[in-house]
Amino acid sequence: MGDVWPWVHAEREALVRDLDGRTAEEWERPSLCEGWTVHDVVSHLLDTALTTRLGFVLGLARARLDFDRQNARGVRRQRGDSPQDTLARFRRVVGRTSTPPAPLDSRLVEAIVHGEDVRRPLGLIGDYPQAAVRRALRLQARTPSSFGGARELVAQVRLVAVDADVAVGTGPEVHGPVLSLLLVATGRSIALDDLDGPGLAALGSVVG
């Protein structure tokens, strides 16, 4: 598990570089996270980078066990007065290793998927280590939907990467790049166009 943090730190640094110099209009574009702008997603990443296990538990209690309410409060708390302010603050936490009480590989899911939530509205696609994306996809396949995972999804279809040595699930197969499989396993329908196979219709009915 010791290799997770270097990957996470590298992805945070890459996102800072990609956002540096972006216009205010770009920061206010809708992200792939429904209801959140690019600025909101970066604020969320900043918030989770600062969150400790104890802080998460206390925050969830204050939010009355409502994850969405807790996340919304974190975005409001960390969103700066300007995109430049938020980015500067995010830059300062790139190397942190604090984490909510979740499997450590969830930090990979967050860094990669939220990275795409930000990049794709800006016309970008990240370049992620395949080993990191594989681990993130495997975690999603083990995690129930109540915790944001895809365990129920992969009980219906088998996701098979065409560019990496990984396949998860049972049922009719869906083939595509491992990054696209990870995105659909986190509910991002934008990646459906990258996939094919006999299970695509069933997958689209759930993710689309």
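The values are calculated or read from the model by the stated rules, or taken from the named source; none is laboratory data. Please read these numbers as outputs of a predicted model, since none were measured by experiment. Cβ placement follows ideal geometry from the backbone for every residue including glycine, while neighbour counts extend to all protein chains displayed.
Report yes if A111 is closer than 22 Å to H9 by Cβ, outside the structural domain of G21 (by TED's automatic domain parsing), under 17 Å from the mean Cα position of the chain (by Cα) and part of a helix (DSSP H, G or I), otherwise no. No: the conditions fail for A111. I'd like the full set of residues that are free of Cβ contacts under 8 Å to residues at least 60 places away in the same chain and surrounded by 15 or more Cβ atoms within 10 Å (Cβ to Cβ), limited to region 11-35. Across region 11-35, the qualifying residue is only W27.
Screening G74 against (1) modelled with pLDDT under 90; (2) surrounded by fewer than 18 Cβ atoms within 10 Å (Cβ to Cβ); (3) assigned to a helix (DSSP H, G or I) leaves a single unmet condition, (2).
Can you find a residue in region 61-76 that is closer than 13 Å to V118 by Cα and either in the same structural domain as V113 (by TED's automatic domain parsing) or in contact with an Asp or Glu (Cβ under 9 Å, 6 or more places away or on another chain) (or both)? Among the residues of region 61-76, not one is closer than 13 Å to V118 by Cα and either in the same structural domain as V113 (by TED's automatic domain parsing) or in contact with an Asp or Glu (Cβ under 9 Å, 6 or more places away or on another chain) (or both), which makes the answer no. Against the conditions (1) on the phi > 0 side of the Ramachandran plot; (2) in contact with a Lys or Arg (Cβ under 8 Å, 6 or more places away or on another chain), where does G21 fall short? Just the number, please. With respect to (1) on the phi > 0 side of the Ramachandran plot; (2) in contact with a Lys or Arg (Cβ under 8 Å, 6 or more places away or on another chain), G21 is out only on (2). Whenever a residue of region 66-77 is more than 8 Å from D47 (Cβ to Cβ), its partners that are in a loop (DSSP other than H, G, I, E, B) and not hydroxyl-bearing (S, T, Y), lying with C-beta atoms within less than 8 angstrom and at least six residues away or across chains, give the pairs R69/A63; Q70/A63; R73/A63. Of all residues being free of Cβ contacts under 8 Å to residues at least 60 places away in the same chain and touching an Asp or Glu at 6+ places or on another chain (Cβ under 8 Å) in region 37-49, which is surrounded by the fewest Cβ atoms within 10 Å (Cβ to Cβ)? Just the residue, please. Per the criteria, the residue is T37.
Among all residues of region 36-47, there is at least one that is part of a loop (DSSP other than H, G, I, E, B) and at pLDDT 95 or above. A single entry from L104, L108, L183, L179 fulfils the requirement of being more than 28 Å from T23 (Cα to Cα) and touching a residue at least 24 places away in the same chain (Cβ under 8 Å): L104. Against the list (1) under 19 Å from A111 (Cβ atoms); (2) of a type outside the set (A, V, I, L, M); (3) modelled with pLDDT of 95 or more, the condition G169 fails is (1). Taking V174, is it assigned to a helix (DSSP H, G or I), crowded, with 21+ Cβ neighbours inside 10 Å and at pLDDT 95 or above? Against the criterion (assigned to a helix (DSSP H, G or I), crowded, with 21+ Cβ neighbours inside 10 Å and at pLDDT 95 or above), V174 does not qualify. How many residues, within region 56-70, are within 27 Å of V16 (Cα to Cα) and surrounded by 14 or more Cβ atoms within 10 Å (Cβ to Cβ)? Here the count works out to 4. If you go through region 100-116 and keep only what is closer than 26 Å to W27 by Cβ and either surrounded by fewer than 18 Cβ atoms within 10 Å (Cβ to Cβ) or not small (G, A, S) (or both), you end up with P100, R107, L108, V109, E110, I112, V113, H114, E116. The set of residues from region 186-208 being outside any helix (DSSP H, G or I) and of a type in the set (A, V, I, L, M, F, W, C) comprises just one member, L195.
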